[in-house]
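Notes to accompany the following structure.
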Amino acid sequence: MKQNALRILISLLVFGISFFIATLTKLEVVENAILLAFLIHWLFFIPAYILKTEKFFDLTGSLTYISIMAYVVYTKNNLHEQIGSIILGSLIILWAVRLGSFLFIRIKKAGEDKRFREIKTSFTRFFMLWTISGMWVSLCSMCALTAIASDDGVILNNLFYFGLATFLIGITIEVIADKQKTNFRKDPKNKDKFINEGLWAKSRHPNYVGEITLWTGVAIISFSSLDGWQYISLISPIFTYLLLVYVSGVPQLTESGQKKWGHLKSYQDYIKKTPTLIFK
């Protein structure tokens, strides 16, 4: 009973923090976008819990990114003059379509995501996870939402082009890493083996390197359009790093990796020699 109450409290706190940061931007459209992000997640949680399925969890996150970006871009009165805003919004939408479809196809082929096996049977645990996903969308996109919604929109200057290059480098790394791992798993001779080739020979999680890099690019693009407390929205790449490295990504994959291959000397050597992201 206490655990259930704590999970509900955490969920409310997660929503409260996200919305509070949105209020600091002093932009009503950003506040509305964050409310929309959580509303979409909570609506999709209902059938997900009833059906006890996680198959459209990642897809919902992508749909939310697309929805709130489209909403904020659409609210611009002088959109024809806002080339930078259109480019930034389009970049995030394209990223969301790519990643969402990739994860959906992957889980459809696998049949399930084992991480959710116990979680999806508990209302409060599953609800908390969906709410945290709403926070993920909100905080990652906050600086872009704020920049697009600002009076001048996204400004085309040197920082914009530097951020654009950073974003393109990041998404390229992510796409290549995902493709290499997919191809590795398709090869029957690699059954029950861990990947240690291509980008995965340089980093244990190159896809996360790409993810953090591209959101850093989004923050750089957005920087020149921000003012005052709006700079707090630049938390995007920091939040992405903390989430992937300490919460939902690296810890779970490290644990499952040790269970599968921890007895292998080659795997232990790989762990010792290969950095988690870039630096050892």
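The values are calculated or read from the model by the stated rules, or taken from the named source; none is laboratory data. Quick caveat: nothing in here was measured; it's all calculated off a predicted structure. Note: ideal-geometry Cβ built from the backbone for every residue, glycine included; neighbour counts use all protein chains shown.
Descriptive notes on the structure:
- I195 meets each of the listed conditions (1) of a type in the set (A, V, I, L, M, F, W, C); (2) within 27 Å of I105 (Cβ to Cβ); (3) touching a Gly at 6+ places or on another chain (Cβ under 6 Å) apart from (3).
- When region 201-222 is limited to residues that are in contact with a Phe, Trp or Tyr (Cβ under 8 Å, 6 or more places away or on another chain) and among the hydrophobic types (A, V, I, L, M, F, W, C), the one that is nearest to Q268 (Cα to Cα) turns out to be I212.
- Counted residues, region 199-220 - those being in contact (Cβ under 8 Å) with a residue 60 or more places away in the chain and either closer than 18 Å to Y65 by Cβ or surrounded by fewer than 19 Cβ atoms within 10 Å (Cβ to Cβ) (or both): 8
- Breaking point among (1) modelled with pLDDT under 95; (2) in contact with a His (Cβ under 7 Å, 6 or more places away or on another chain), for Y74: (2)
So that you can scan it fast, the table gives a plain yes or no per residue for (1) buried (at least 17 other Cβ atoms within 10 Å of the Cβ); (2) aromatic (F, W, Y); (3) farther than 27 Å from T216 by Cβ:
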site: Y74; (1), (2), (3): no, yes, no
site: I92; (1), (2), (3): yes, no, no
site: A96; (1), (2), (3): yes, no, no
site: S101; (1), (2), (3): no, no, no
site: R106; (1), (2), (3): no, no, no
site: A110; (1), (2), (3): no, no, yes
site: E118; (1), (2), (3): no, no, yes
site: T121; (1), (2), (3): no, no, yes
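- Boolean, P188 is surrounded by 22 or more Cβ atoms within 10 Å (Cβ to Cβ), farther than 19 Å from L234 by Cβ and not small (G, A, S): no
- Of the residues making up region 175-198, those that are touching a Leu at 6+ places or on another chain (Cβ under 7 Å) and in contact (Cβ under 8 Å) with a residue 40 or more places away in the chain number 0.
- Single residue of T53, T64 found to be β-branched (V, I, T), under 30 Å from E118 (Cα atoms), modelled with pLDDT under 95 and surrounded by 15 or more Cβ atoms within 10 Å (Cβ to Cβ): T53
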